[in-house]
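Notes to accompany the following structure.
Every number here is computed from the coordinates shown, using simple stated rules; none is lab data. Keep in mind it's a predicted model, so treat the numbers as computed, not measured. Neighbour counts run over all protein chains shown; Cβ positions are idealised from the backbone, glycine included.
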Amino acid sequence: MGILKNKVAAAAIGLIAVTNTAWADYPEKPVVLVVPFAAGGPSDKIARDLAEALRKPLAQTVIVDNTAGAGGTIGAARVARATPDGYTLLVHHIGISTAPALYKKLPYKTLEDFEYLGLINEAPSTLIGKPGLAANNFADLRKWISANDGKVNIANAGVGSASHLCGLILQATLQSKMTFVPYKGTAPAMTDLMGGQVDLMCEQATNAVPQIEAKKVKVFGVTSKQRMALPSLAQSPTLAEAGLAGFEMSVWHGVYAPKGTPSAVLAKLNAAIRTALKDPELVKRQEALGVRVVTDTRLEPAEHKKYVEAEMNRWGKIIKDSGETAD
């Protein structure tokens, strides 16, 4: 029996060695980063910066492919079903951890159908309002929301989007009923906010800063722990210091591969991501948008997965209490 076990173990080791050797030249063709949201939005911008920075360590072209719809679940399902060869990857934000609570039935299992490749960044959101809103600071805004309970419209980029999640926390914290207005992406939501068709929006600094700088929207605060260093937001208080104790939300992004992708490929991708996140140009672009590149242990696949699971538990309660669903 001992001899048989040794032979089986040796065969398994040999198979792993052969498999890893077979993938030694990976990647031999372009790698596709699937973004489950529309082009031009915050996640798309982040993915394109990452794609550019990945080209050197992978020595291969990296293409961004937008597969939008259903709060990011269509693009995520596409990657979950893709051939596990490292050529189709997913760049997804916090929505991957909230979808299980928002959708009664998902076409994939979040913790089982993906290989986790590392968290790449975190971005605070901004609370912004239409240009003609009758409030100039958060204290005024809070009074205005209270006086218009049930009548305030808050835009988002679709059910399950980061802007939707931020709005849920805001509504729960203020204990004020708001009307959520979902759009098919960030761009049309921002357009209607600037045009005064909706009152408020929670939006990633990545996408809000240009509109704030152009004074096309009013900014009432940021969702980070500390004030942001960007000139256009330096005077904007955190929502916590403005009076919403404990209010904090960051929109993080991670990279995923289909379950079953060879370990040699996963190792090469993780190493390439780590190298890309040290690229001075990528760091510069991210910081200019108020985004912090991740440098901690969440770059490790196991820690990334553990973090997503913790976020699933956190958001599951918030979403359940709100009664919001995407089905």
Rounded to the nearest 10, the angle in degrees between the Cα long axis of helix 42-58 and the longest principal axis of the Cα atoms of the chain comes to 30 degrees
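Within 10 Å of each candidate Cβ there may be at most 10 other Cβ atoms; applying that plus a DSSP loop requirement, which trypsin sites (Lys or Arg not before Pro) in the stretch 52-144 survive? Please report the intermediate quantities before stating the final value.
Numbers: sites: Arg55, Arg78, Arg81, Lys104, Lys105, Lys109, Arg142, Lys143; in loops: Lys104, Lys105, Lys109.
Counting only loop positions with at most 10 other Cβ atoms within 10 Å, the trypsin sites (Lys or Arg not before Pro) in the stretch 52-144 are Lys104, Lys105.
Explain nothing, just the number: dipole magnitude of the stretch 34-192 about its Cα centre with +1 on each Lys and Arg Cβ and -1 on each Asp and Glu Cβ, in debye rounded to the nearest 20.
Values: 15 positive and 12 negative charges, 85 e Å.
My answer is approximately 400 debye.
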Summed over the other residues with a beta carbon less than 15 angstrom from that of Trp23, with K and R at +1 and D and E at -1, the charge totals -2
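Compute the signed sum of charges (Lys and Arg +1, Asp and Glu -1) over the other residues within less than 11 Å, Cβ to Cβ, of Trp144. If you can, show how the numbers build up before the last one.
Details: positive: Arg142, Lys143, Lys151; negative: Asp140, Asp149, Asp199.
Surrounding charge for Trp144 is 0.
I want the local charge near Ala240. Using Cβ-Cβ distances under 12 Å, sum +1 for each Lys or Arg and -1 for each Asp or Glu among the other residues.
Numbers: positive: Lys225, Arg227; negative: Glu241, Glu248.
Local net charge: 0.
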With the contact rule set at Cα under 8 Å and sequence spacing of 6 or more, what percent relative contact order holds for the stretch 206-293? 25 percent
Taking every alpha carbon pair in the chain, what does the distance histogram look like in 10 angstrom bins from 0, in percent? 6, 26, 32, 21, 9, 4, 2, 1, 0
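Answer rounded, prolate or oblate for the stretch 228-327, using the Cα gyration tensor with square roots of eigenvalues a ≥ b ≥ c: rounded when a/c is under 1.5, else prolate when a/b is larger than b/c, else oblate.
Details: a/c = 2.75, a/b = 1.21, b/c = 2.26.
The shape class here is oblate.
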Separation between Cα centres of the stretch 65-96 and the stretch 125-178, rounded to whole Å: 30 Å
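Given the pairs Lys105/Lys278; Lys184/Lys320; Lys45/Lys109; Lys184/Lys218; Lys177/Lys225; Lys56/Lys109, which span a C-alpha to C-alpha distance of over 28 angstrom in this model? Display every interim value, and only then the final one.
Details: Lys105/Lys278 38 Å; Lys184/Lys320 23 Å; Lys45/Lys109 26 Å; Lys184/Lys218 22 Å; Lys177/Lys225 25 Å; Lys56/Lys109 32 Å.
Listed pairs above 28 Å: Lys105/Lys278; Lys56/Lys109.
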Using only the Cα atoms of the stretch 116-185, what do you get for the radius of gyration and for Dmax, in Å? 13.9, 47
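Below 8 Å between Cα atoms, with a sequence gap of 6+, how large is the relative contact order for the chain in percent?
Working: 638 pairs, mean separation 86.5, N = 327.
Reported as a whole number, the value is 26 percent.
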Could you tell me the relative contact order of the stretch 18-111? Use alpha-carbon pairs under 8 Å, at least six residues apart, and round to a whole percent. 33 percent
Students often get this wrong: which residues of the stretch 241-256 have the backbone nitrogen under 12 Å from the point 7 angstrom along Cα-to-C-beta of Ala139? 242-243
